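The values are calculated or read from the model by the stated rules, or taken from the named source; none is laboratory data. Since this is a predicted model, take the numbers as computed values, not measurements. Here the Cβ positions follow ideal geometry from the backbone for every residue, glycine too, while neighbour counts run over all protein chains shown.
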Amino acid sequence: MFKHLLLAIDGSDHSKRAAQKAIDLATLEGNGTIEILYVVAGNKSKSDVLQYGDSDSASRKRKLMLTPFEEMIAQAGIKYETTVLHGSNSAAESIIDHANKNDFDALVIGSRGLGTVQTMVLGSVSHKVMKHVKMPVLMVK
């Protein structure tokens with residue numbers, strides 16, 4: 001049932017809990033796979049380059065953020081791949097587009113992320129994703 005999962009992360013604690021739930025789902029029937037998705041929104045990409053000095057430094061910083069997620073999934077014996085998208089100003093739109101254009105059994109996402117603007121109950125990205133993704137979504141608190 002959950003053979004091919006999409007795990008949308010941003011490096012937050014909610015993302016770490018979402019990764020553990022994705023691992024749990026992928027191991028239910030054995031041999032499940034996980035695609036880790038990280039979106040660099042256009043405005044974030046520009047600020048990262050300014051903060052870290054150049055695009056190579058910003059890329060290394062992102063790789064450091066992704067490594068614990070990759071290691072957690074690999075240690076569970078699950079096949080995975082990592083996709084980094086450089087999207088528009090909206091991470092939600094990039095997640096929705098990628099999820100709806102590919103054949104995933106479910107999307108796993110944290111309920112809140114690292115964004116500074118959040119809605120009262122759900123993070124603004126996760127809230128928008130829940131409304132527009134055309135597959136089962138597991139939102140993890």
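Odds and ends about this structure:
- Looking only at the range 74-94, residues that are assigned to a helix (DSSP H, G or I), at pLDDT below 95 and small (G, A, S) come to 3 in all.
- Residue match in the range 17-31 (condition: acidic (D, E), modelled with pLDDT under 95 and either assigned to a helix (DSSP H, G or I) or farther than 17 Å from L85 by Cα (or both)): yes
- Residues in the range 34-68 that are part of a helix (DSSP H, G or I) and at pLDDT 95 or above were compared, and the one that is surrounded by the most Cβ atoms within 10 Å (Cβ to Cβ) is L66.
- Residues of the range 100-132 that turn out to be crowded, with 22+ Cβ neighbours inside 10 Å, at pLDDT below 90 and β-branched (V, I, T), as a count: 1
- The C-beta contact set for the range 93-106 (first residue closer than 10 Å to L37 by Cα, second residue among the aliphatic types (A, V, I, L, M) and assigned to a helix (DSSP H, G or I), distance under 6 angstrom, 6+ apart or interchain) comprises I95/V129.
- Any chance D97 is of a type in the set (D, E), modelled with pLDDT of 85 or more, assigned to a helix (DSSP H, G or I) and buried (at least 17 other Cβ atoms within 10 Å of the Cβ): yes
- Verdict on E71 being assigned to a strand (DSSP E or B) and modelled with pLDDT of 95 or more: no
- Subset of the range 4-14 [out of contact with any helix residue (DSSP H, G or I) (no Cβ under 7 Å at 6 or more places or on another chain) and modelled with pLDDT of 95 or more]: H4
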